[in-house]
Amino acid sequence: MKPLKERLMTPGPTLVPERVLQAISSHPVYHRSAEFKEIFTNTIKLLKKLFRTDRDTIILTSSGTGAMEAAVSNLFSPGDSAVIVVGGKFGQRWEELCKTFGVNPIVIELEWGKSVNPEDIRKKIENNKNVKGILIQICETSTGAYNDIKAIGDITSEYNDILLIADGITAFGVYDIPVDEWNIDVAITGSQKALMTPPGLAIISMSEKAKTRLSKVEKRSYYFDLEKEIKNQLKGQTAYTPAVNLIIGLNEALKMIEEEGLKNVAERHEILAKCARAGIKALELELLPECPANGVTAVKLPEHIDGQKFVSWIKNKFGIVIAGGQEHLKGKIFRLSHMGYIDIFDLLTQLEAVEFALTRIEMYPAYGKSVKAAMEKYIELVHHKPITYRKGS
Ligand SMILES: Cc1ncc(COP(=O)(O)O)c(C=O)c1O
């Protein structure tokens, strides 16, 4: 039997709500019109609420990597040093970007799945000259590990000339992160994860400390000129033609977050993450990360299973698209996504598919164990009001 439909359950891109799809599917509006300016300004306002910041926050028409590149090329001069936490594929990307722009990477290499000890960042700052920034992922999506960004911000705020640059591409909209309060100088995210919008937009917010640096560093990118973008976007404009339809979609998605309430959104993600972990435990599988993030759950597969075939089998059999591992973890892990437009039943679907696929390998299909454990966790965590469909209620 062929799958009837495809269910996208990867940690980016993620499912897009019908409301957002509808908003996107229209003719583009003129990006210099008053109509677009209003939507754009409102989108920035909602993004600032998401970041809980008063600082300048801008939208770039690029994938998330574009904002990472913009941060490195606009905030560092050749010969500067940056402390980089490399515990997965996206940490490696910081390192590659530094090398591209002549920034000296001082790497804290972690076993994939581990989170950084914030004190190790302090040591690197103290033991090296000319450190101008810390480059880190709040959630390293390739391993599902969460880094204690608040503790790291406490450390970097002690240094006047060191910026904390945080890739929160799978963290904003998953967690409630007060960017200003936690001393994150440069916060980055993308449209296609917890922001429930198709890929193509990156968001970057900058502290005064970061803006001072921006004004001093010689420009090394034409398209990603952050000073120019800030100047334009403060007036409700972009320097170049933006992805207008995506911005209209993002505006709708941010309204949905606003309606649900950021605290509730974060709580939903936390509950789903705990349910995912309970479901995995019931299958006697081990999580990869020590400190798992709330948007994605990375799970080690038993040695005798080829993870790439495993993930493909689930897709071919059920149309459920979950992610496998990257780089040396290819074939060794799978990743469940519970980020963005996702509820408990989307999670149960993924868990059941995994359980079924696992037991098929041994040729005795079993079912329900992980779903039961996840549901038990859900009931434990979610306070149920009296049933409203009871007669007379
Ligand atoms: C943590 C993190 N950083 C960076 C990226 C790269 O973003 P993009 O693929 O949008 O360029 C991703 C994408 O998965 C990510 O999860």
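Give all pairs with beta carbons closer than 6 Å in which a residue from the range 269-288 that is in contact (Cβ under 8 Å) with a residue 40 or more places away in the chain meets a residue that is of a type in the set (S, T, N, Q); count only pairs at least 6 apart in sequence or on separate chains.
Between residues of the range 269-288 that are in contact (Cβ under 8 Å) with a residue 40 or more places away in the chain and residues that are of a type in the set (S, T, N, Q), the close pairs are H269/N294; A273/N294; A276/T297; G279/S370; A282/S370; L283/S370; L288/T143.
Identify, from the list T61, T53, T41, the residue that is surrounded by fewer than 22 Cβ atoms within 10 Å (Cβ to Cβ), farther than 30 Å from E140 by Cβ, among the β-branched types (V, I, T) and in the same structural domain as A194 (by TED's automatic domain parsing). Break it down stepwise before answering.
Details: T61 fails: farther than 30 Å from E140 by Cβ; T53 fails: farther than 30 Å from E140 by Cβ.
One residue alone meets the criteria, T41.
Among the residues of the range 124-147 satisfying the criterion of being modelled with pLDDT of 95 or more, over 21 Å from the mean Cα position of the chain (by Cα) and among the charged types (D, E, K, R), which is surrounded by the most Cβ atoms within 10 Å (Cβ to Cβ)?
Once the filter is applied, the top-ranked residue is K132.
Among the residues of the range 121-144, write down those that are acidic (D, E) and within 15 Å of the ligand (Cβ to nearest atom). Explain how you work it out, then say what you get.
Initially, the range 121-144 is screened for residues acidic (D, E), giving 126, 140.
Once the filter is applied, which keeps residues that are acidic (D, E) and within 15 Å of the ligand (Cβ to nearest atom), the range 121-144 yields only E140.
One line per residue, one yes/no per condition, for (1) within 16 Å of the ligand (Cβ to nearest atom); (2) touching a Ser or Thr at 6+ places or on another chain (Cβ under 9 Å); (3) acidic (D, E):
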site: A71; (1), (2), (3): yes, no, no
site: L97; (1), (2), (3): yes, yes, no
site: E109; (1), (2), (3): no, no, yes
site: E119; (1), (2), (3): no, no, yes
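Could you please give the count of residues in the range 245-288 that are among the polar types (S, T, N, Q) and farther than 30 Å from E35 by Cβ?
First, the residues of the range 245-288 that are among the polar types (S, T, N, Q): 245, 251, 264.
Still in the running and farther than 30 Å from E35 by Cβ: 264.
Of the residues in the range 245-288, 1 are among the polar types (S, T, N, Q) and farther than 30 Å from E35 by Cβ.
Of all residues in the range 214-224 being more than 19 Å from R32 (Cβ to Cβ) and in a loop (DSSP other than H, G, I, E, B), which is farthest from the chain's Cα centre (by Cα)? Talk me through it step by step, then tell me what you get.
In the first step, residues of the range 214-224 are kept if they are more than 19 Å from R32 (Cβ to Cβ); the result is 214-222, 224.
Of the ones still in play, those that are also in a loop (DSSP other than H, G, I, E, B) are 217-222, 224.
Working: V217: 28, E218: 30, K219: 28, R220: 27, S221: 25, Y222: 26, F224: 21 Å.
Going through the qualifying residues, I end up with E218.
Look through L336, L329 and report the one residue that is within 29 Å of C139 (Cα to Cα) and either in contact with a helix residue (DSSP H, G or I) (Cβ under 6 Å, 6 or more places away or on another chain) or modelled with pLDDT under 95 (or both). It would help to see each step written out before you state the result.
Values: L329 fails: either in contact with a helix residue (DSSP H, G or I) (Cβ under 6 Å, 6 or more places away or on another chain) or modelled with pLDDT under 95 (or both).
That would be L336, the only listed residue that is within 29 Å of C139 (Cα to Cα) and either in contact with a helix residue (DSSP H, G or I) (Cβ under 6 Å, 6 or more places away or on another chain) or modelled with pLDDT under 95 (or both).
The values are calculated or read from the model by the stated rules, or taken from the named source; none is laboratory data. In this text the structure is predicted, and so the values were computed from the model without any measurement. Reconstructed Cβ throughout: ideal geometry from the backbone, glycine too, with neighbour counts over all protein chains shown.
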